[in-house]
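K.L.:
Sharing a structure here in structure tokens format.
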Amino acid sequence: MTRAVRRTPAQSLGARPCTRQRALLRFFAFLSLFQALFCLTACWDYREISSTTFVAGAAFDLDPLGGYILTAEVIDFTGVRDGGAPETVRITSRGATLPEAADHAMRAAGKRLYWSHAAAFIVSRDFAAQGITPLTDFLLHNIDTGLTASLLVSALPTAHEVLDLQTAGGGAVSYEIRSIMQNNTYFSQTVADFAYKTMQALNQGGTCAALAMVSSYEQDGESCLDLSGCAVFDGCRLAAELDAGDTPRLLALRGQPIGGTLALPEKACTLRFLDTRTVFTPRQDPDGTLRMEVTLEAGMVVSSAETLGAHADPGIYETLERAAEVRIRQRIRELTDRAQQELGLDIFGFGVRFRQAMPERWPAWEGDWNRRFREMEIVPEARVRIVRSSAGPAILTPEG
């Protein structure tokens, strides 16, 4: 027998809001799920990797007939479909402008070229001397190109010859350049800036852009890739080249950490930079003379010595520290004298530091900054601390 349950009017009215609430909850839950369908991502332009051609890098030369010659180093995945390995291919094209040359390269490849994975863009010396603005404009306005590639100047007769050099791993030259750049801090034989940093240096006052130089060396009868030295620019045009010995000093005077070695022939030993920091103190004397005090603080290790026994006594390391400081000051002075007297260019970016330290005075200096740089007094200083050695105690100073 079923027993009926009677509800009072108040109880019946109280049940209706619960039912309506459940209905609203179901409605909003359905609406949320429906909206989520439009938020799900998918590859609308999906294509197989075997049909893709990535540009690893490119070389740019001036065409003797006018315009430009573009040589693209591309990674072709066509053979991957059949179980093969990707191949590195060169594609050469010409054009009155770089965008036109890039379009012709795409036609020669028979498929779209993807520039977003490019690691290096190399220009010839005559291209750099004429001005690299066409290249920076191409990189800025081509939506496919990334600005984290490196810009380099070829020390070979042409830029495209660089792409024919042998690499340690036998792969793409452009990717090998990126690998060397990533390890540059340990050797400091070249500069290693991304394209966007180069463009920033080209467009701001008080500094000069610097690009890595790419060259070659002979080994077992083959020409192998080498990055050594750098090219400095006056505006967008090549102004001078610094060798691998000058480059660490340039980096230090730009406030970047450096690596590499420092030879002390008079002490029959070689020191290696372990860590460095450069301290800049811009000043203006009462007579209006600008002065830049530069102090390089370096922790170093003894990497080689003629005789191990001669360096077994920790007391000898203070002598080595003072000798290293003298040598560093001398080498910094040599480069600053060349920049002021021979080049007449602020390749160190001292202008940026004066602008940051004295922003109210910078507008009056900016117009003729190179003249003010030539007349500036530069005071180099060095503080060296040898922290360990393979020839003596592991810790040589109390601070170590």
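K.L.:
Pairs needed: first member in the range 353-368, among the charged types (D, E, K, R); second member anywhere, surrounded by 10 or more Cβ atoms within 10 Å (Cβ to Cβ) and in a helix (DSSP H, G or I); C-beta distance under 6 Å; at least 6 residues apart or different chains.
P.N.:
Arg355/Trp362
Yes or no, residue by residue, for (1) closer than 28 Å to Met358 by Cα; (2) touching a helix residue (DSSP H, G or I) at 6+ places or on another chain (Cβ under 8 Å); (3) assigned by TED's automatic domain parsing to the domain that holds Val232:
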residue	(1), (2), (3)
Arg249	yes, yes, no
Leu253	yes, yes, no
Pro257	yes, yes, no
Arg277	yes, no, no
Pro282	yes, yes, no
Asp287	yes, no, no
Leu290	yes, yes, no
Ser303	no, no, no
Leu320	no, yes, no
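K.L.:
Output the residue which, of all residues in the range 308-317 that are assigned to a helix (DSSP H, G or I), surrounded by 13 or more Cβ atoms within 10 Å (Cβ to Cβ) and not hydroxyl-bearing (Ser, Thr, Tyr), is modelled with the highest pLDDT. Quick ask: steps written out before the conclusion?
P.N.:
Let us first name the residues in the range 308-317 that are assigned to a helix (DSSP H, G or I), namely 309-311, 316-317.
Those left that are additionally surrounded by 13 or more Cβ atoms within 10 Å (Cβ to Cβ): 310-311, 316-317.
Filter once more, so that each one left must be not hydroxyl-bearing (Ser, Thr, Tyr): 310-311, 316.
Values: Ala310: 53, His311: 53, Ile316: 83.
If we take residues in the range 308-317 being assigned to a helix (DSSP H, G or I), surrounded by 13 or more Cβ atoms within 10 Å (Cβ to Cβ) and not hydroxyl-bearing (Ser, Thr, Tyr), then Ile316 is modelled with the highest pLDDT.
K.L.:
Condition (residue is in contact with a Cys (Cβ under 8 Å, 6 or more places away or on another chain) and surrounded by fewer than 20 Cβ atoms within 10 Å (Cβ to Cβ)) applied to the range 276-293: is it met by at least one residue? Walk me through how you get there before you give the answer.
P.N.:
Here is the first cut: in the range 276-293, the ones in contact with a Cys (Cβ under 8 Å, 6 or more places away or on another chain) are none.
Among the residues of the range 276-293, not one is in contact with a Cys (Cβ under 8 Å, 6 or more places away or on another chain) and surrounded by fewer than 20 Cβ atoms within 10 Å (Cβ to Cβ), which makes the answer no.
K.L.:
Continuing with the same structure: Filter the range 359-397 down to the residues that are surrounded by 15 or more Cβ atoms within 10 Å (Cβ to Cβ) and over 30 Å from the mean Cα position of the chain (by Cα), then identify the one that is modelled with the highest pLDDT.
P.N.:
Arg388
K.L.:
Are any residues in the range 209-240 touching a Gly at 6+ places or on another chain (Cβ under 6 Å) and not in a strand (DSSP E or B), and if so, which ones? Outline the logic, then answer.
P.N.:
Here is the first cut: in the range 209-240, the residues touching a Gly at 6+ places or on another chain (Cβ under 6 Å) are 213, 236-237.
Cys236, the sole residue that qualifies.
K.L.:
Turning to a different aspect of this structure: Of all residues being among the aliphatic types (A, V, I, L, M) and more than 21 Å from Val173 (Cα to Cα) in the range 109-133, which is surrounded by the most Cβ atoms within 10 Å (Cβ to Cβ)? Just the residue, please.
P.N.:
Taking the range 109-133 and keeping what is among the aliphatic types (A, V, I, L, M), we get 109, 113, 118-120, 122-123, 128-129, 132.
Pick out the ones that are also more than 21 Å from Val173 (Cα to Cα) and you get 129, 132.
Numbers: Ala129: 16, Ile132: 27.
Ranking the qualifying residues of the range 109-133, first place goes to Ile132.
K.L.:
Continuing with this model, one more query. Can you name the condition, by its number, that Pro157 falls short on among (1) surrounded by 22 or more Cβ atoms within 10 Å (Cβ to Cβ); (2) more than 18 Å from Gly57 (Cβ to Cβ)?
P.N.:
For Pro157, the failing item is (1).
K.L.:
Residue check: is Arg237 surrounded by fewer than 19 Cβ atoms within 10 Å (Cβ to Cβ) and not assigned by TED's automatic domain parsing to the domain that holds Arg374? Lay out the reasoning, then the answer.
P.N.:
Details: surrounded by fewer than 19 Cβ atoms within 10 Å (Cβ to Cβ): yes; not assigned by TED's automatic domain parsing to the domain that holds Arg374: yes.
For Arg237, the condition - surrounded by fewer than 19 Cβ atoms within 10 Å (Cβ to Cβ) and not assigned by TED's automatic domain parsing to the domain that holds Arg374 - is met.
K.L.:
Follow-up question, since we're still on this one. Which one is nearest to Leu151 (Cα to Cα) among residues in the range 111-128 that are in contact with a Leu (Cβ under 8 Å, 6 or more places away or on another chain) and aromatic (Phe, Trp, Tyr)?
P.N.:
The initial filter retains those residues of the range 111-128 that are in contact with a Leu (Cβ under 8 Å, 6 or more places away or on another chain), namely 120-128.
The next check asks that each one be aromatic (Phe, Trp, Tyr); those that pass are 121, 127.
Values: Phe121: 5, Phe127: 13 Å.
Among those residues, the one meeting the criterion is Phe121.
K.L.:
Scan the range 242-297 residue by residue and report those that are outside any strand (DSSP E or B) and in contact with a Gly (Cβ under 7 Å, 6 or more places away or on another chain). Please lay out each step first, then the result.
P.N.:
First, the residues of the range 242-297 that are outside any strand (DSSP E or B): 243-260, 265-268, 285-289.
If the condition is that a residue be outside any strand (DSSP E or B) and in contact with a Gly (Cβ under 7 Å, 6 or more places away or on another chain), then Asp243, Ala244, Thr247, Pro248, Arg254 are the ones that fit.
K.L.:
Sticking with this one: Within the set of pairs 6 or more residues apart or between chains, which connect a residue that is within 19 Å of Asn370 (Cβ to Cβ) inside the range 197-210 to a residue that is of a type in the set (Ser, Thr, Tyr) and surrounded by fewer than 17 Cβ atoms within 10 Å (Cβ to Cβ) with Cβ atoms less than 9 Å apart?
P.N.:
Here the result reads Leu202/Thr133, each pair linking the range 197-210 to a residue that is of a type in the set (Ser, Thr, Tyr) and surrounded by fewer than 17 Cβ atoms within 10 Å (Cβ to Cβ).
K.L.:
Every residue in the range 140-164 that is touching a residue at least 60 places away in the same chain (Cβ under 8 Å) and under 17 Å from the mean Cα position of the chain (by Cα), please.
P.N.:
Ala149, Ser150, Leu151, Leu152, Val153, Ser154
The values are calculated or read from the model by the stated rules, or taken from the named source; none is laboratory data. In this text the structure is predicted, and so the values were computed from the model without any measurement. With ideal geometry, Cβ positions are generated from the backbone for all residues, glycine too; neighbour counts draw on all protein chains shown.
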